[in-house]
Amino acid sequence: MTTEQLLNQWQTLDPDEQAKVLAFIDSLLQRKNQFNLGEKLREIRQEIIASGIPLLTSEEVEKEKAARRGGYRENSQ
């Protein structure tokens with residue numbers, strides 16, 4: 001489908017239908033971006049493993065998150 005065909009189809013829709021189409025497109029783009037983020041994080045994890053740096057435990061992750069947010073609390077979930 002060409003851009004012109006899409007535009008012609010778009011113009012036949014009422015404003016409510018156009019809003020639904022835009023919302024659908026936004027949801028597709030959001031899913032794509034989330035997939036790309038997950039892929040990038042997996043790549044970073046593999047680079048860390050390959051470098052020999054030990055991965056943080058879940059408790060160490062929680063402590064680091066809390067420290068960056070202003071303090072660590074035991075059993076914070």
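The values are calculated or read from the model by the stated rules, or taken from the named source; none is laboratory data. The model shown is predicted, which means the values in this text are computed figures rather than measured ones. Virtual Cβ from ideal backbone geometry, glycine too; neighbours counted across all protein chains shown.
Report yes if Lys63 is touching a Phe, Trp or Tyr at 6+ places or on another chain (Cβ under 9 Å) and either surrounded by 10 or more Cβ atoms within 10 Å (Cβ to Cβ) or of a type in the set (A, V, I, L, M, F, W, C) (or both), otherwise no. For Lys63, the condition - touching a Phe, Trp or Tyr at 6+ places or on another chain (Cβ under 9 Å) and either surrounded by 10 or more Cβ atoms within 10 Å (Cβ to Cβ) or of a type in the set (A, V, I, L, M, F, W, C) (or both) - is met.
Residues are listed down the side, and each one gets a yes or a no for (1) more than 30 Å from Trp10 (Cβ to Cβ); (2) outside any helix (DSSP H, G or I):
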position: Lys32; (1), (2): no, no
position: Gly38; (1), (2): yes, no
position: Arg42; (1), (2): yes, no
position: Arg45; (1), (2): yes, no
position: Ala50; (1), (2): yes, no
position: Pro54; (1), (2): yes, yes
position: Glu59; (1), (2): yes, no
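For (1) at pLDDT 90 or above; (2) surrounded by 10 or more Cβ atoms within 10 Å (Cβ to Cβ), each residue gets a yes or a no:
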| site | (1), (2) |
| --- | --- |
| Thr2 | yes, no |
| Leu13 | yes, yes |
| Phe35 | no, yes |
| Ala50 | yes, no |
| Gly71 | no, no |
